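Before any comments, here is the structure.
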There are 2 protein chains.
Amino acid sequence: MAPAGGPEGAHHGGAAGRDTGPDLGTPTLVALRDLVTTGARVNHVVARRAGLSESELVTLEHLSREQIGPAEVARRLEVSTAAATGIVDRLVARGHVERRPHAADRRRTELVITDTGRGEVVGHLLPMFVALGRLDRSFSAEERAVVERYLRGAVEAFERVLEPGQDG
Amino acid sequence: MAPAGGPEGAHHGGAAGRDTGPDLGTPTLVALRDLVTTGARVNHVVARRAGLSESELVTLEHLSREQIGPAEVARRLEVSTAAATGIVDRLVARGHVERRPHAADRRRTELVITDTGRGEVVGHLLPMFVALGRLDRSFSAEERAVVERYLRGAVEAFERVLEPGQDG
DNA sequence: GGCTAGTTGCTAACCAAGTTAGCGATCATG
DNA sequence: CATGATCGCTAACTTGGTTAGCAACTAGCC
């Protein structure tokens, strides 16, 4: 695209400004950052559009793929179990989720996403899903292998920060 | 630590379960989703570790790259200007940002990130930056071109959802 | 069997961070 | 120099998180 002069409004070239160490100004890394930023914004916007909090939306996304209970919700969203209770309460109140007693373990509550809950997630995101599917298919198997390797590496890089004992 | 069973993640094959339309189970798309999810978690965790809200952290990230004021912060974070005022208040209180009158436009306030503010961002994320830089360099120019094309396409797909008038 | 430790999901009390509404100061335009 | 838009703020309120603590339950150990 444009090797010299980015699309940004303000001045700040790739290698200009402060030196934070490694070069984060390569086109791929910039695209990576844009992706994560845009992904976060999608969550934010879709949640508001659906009349849900971000936590509720993300919970619905998890429930649309897996069977998890409130405690696992708390772990995935990295919130307290008390907060998870509130999230589930609100989802139940809106009819997006149902609570059911767990058959084998009577401490647990099973959470079942309803059709309206699933519709809320899929409905708003469908145009994105379609575009992503089309994008993915437009790449060859070899190209996808390269992309996957990059993405997996990036996830691993992200996880560097998540590991405990990182603070010191 | 957990004698009563680990994570409850249930089975779910790539193409199993409901049919939401396009096939989102390809390795690349799964990796893409993991990336966005992990990216969001990084924000969440780093913010908490730094004693900041997510909004404050994201604001610092923006300020570490560009000169923007409270109104622009509100736009980028998609929050009200009143919320942006609060965000800046808190950042100023912690010494991460300074308010300065704008020279040319006396309605505006310039926000200047301090060294401690910059350190808060960079410090926690440095291991990630290093890993990302190393990852990026481990790919050839041709490979990076492929990856960039994929990432840009994905951002575009995300934006399908952000465009206004998407609701009805 | 019975004890003990760990997990699950909830309530209660509190607090952080967002919202809408509205205002004064300032800038840009015709 | 009036009109309208923008910027940044305050005030009052609501939402959604936190910590603390509890009863029910399961699993491991003697």
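The values are calculated or read from the model by the stated rules, or taken from the named source; none is laboratory data. All values reported here derive from a predicted model rather than from experimental measurement. No Cβ is skipped: glycine too gets one built from the backbone with ideal geometry, and neighbour counts run over all protein chains shown.
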Residue check, B:V36 more than 16 Å from DNA strand D (Cβ to nearest atom) and within 8 Å of chain A (Cβ to nearest Cβ): yes
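Residue-wise test of (1) out of contact with any helix residue (DSSP H, G or I) (no Cβ under 7 Å at 6 or more places or on another chain); (2) more than 10 Å from every other protein chain (Cβ to nearest Cβ); (3) modelled with pLDDT under 95; (4) not in a helix (DSSP H, G or I).
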residue: B:L111; (1), (2), (3), (4): no, yes, no, yes
residue: B:D136; (1), (2), (3), (4): no, no, no, no
residue: B:Y150; (1), (2), (3), (4): no, no, no, no
residue: B:A154; (1), (2), (3), (4): no, no, no, no
residue: B:A157; (1), (2), (3), (4): no, no, no, no
residue: B:V161; (1), (2), (3), (4): no, no, yes, no
Any residue at all in the range B:44-52 that's hydrophobic (A, V, I, L, M, F, W, C), in a loop (DSSP other than H, G, I, E, B) and within 25 Å of A:G39 (Cα to Cα)? yes
Sole exception among (1) more than 11 Å from DNA strand D (Cβ to nearest atom); (2) part of a helix (DSSP H, G or I); (3) within 11 Å of chain A (Cβ to nearest Cβ) for B:V79, by number: (2)
What is the one condition in (1) within 17 Å of the chain's Cα centre (by Cα); (2) at the interface with another protein chain (Cβ under 10 Å from one of its Cβ atoms) that A:H102 does not satisfy? (1)
List the number of the failed condition for A:V122; all other conditions in (1) part of a helix (DSSP H, G or I); (2) farther than 18 Å from B:E143 by Cβ; (3) out of contact with any Ser or Thr (no Cβ under 6 Å at 6 or more places or on another chain) hold. (3)
Of the listed residues (B:E61, B:E56), the one being assigned to a helix (DSSP H, G or I), closer than 24 Å to A:V58 by Cα, away from chain A (no Cβ under 14 Å) and of a type outside the set (F, W, Y) is B:E56
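Can you report the number of residues in the range B:82-109 which are of a type in the set (V, I, T) and assigned to a loop (DSSP other than H, G, I, E, B)?
Total meeting the criteria: 0.
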For the range A:64-75, which residues satisfy the criterion of being more than 10 Å from chain B (Cβ to nearest Cβ) and either part of a loop (DSSP other than H, G, I, E, B) or free of Cβ contacts under 8 Å to residues at least 40 places away in the same chain (or both)? A:V73, A:A74
Filtering the range B:45-76 down to residues that are of a type in the set (A, V, I, L, M, F, W, C) and near DNA strand D (Cβ under 8 Å from one of its atoms), which residue is surrounded by the most Cβ atoms within 10 Å (Cβ to Cβ)? B:V73
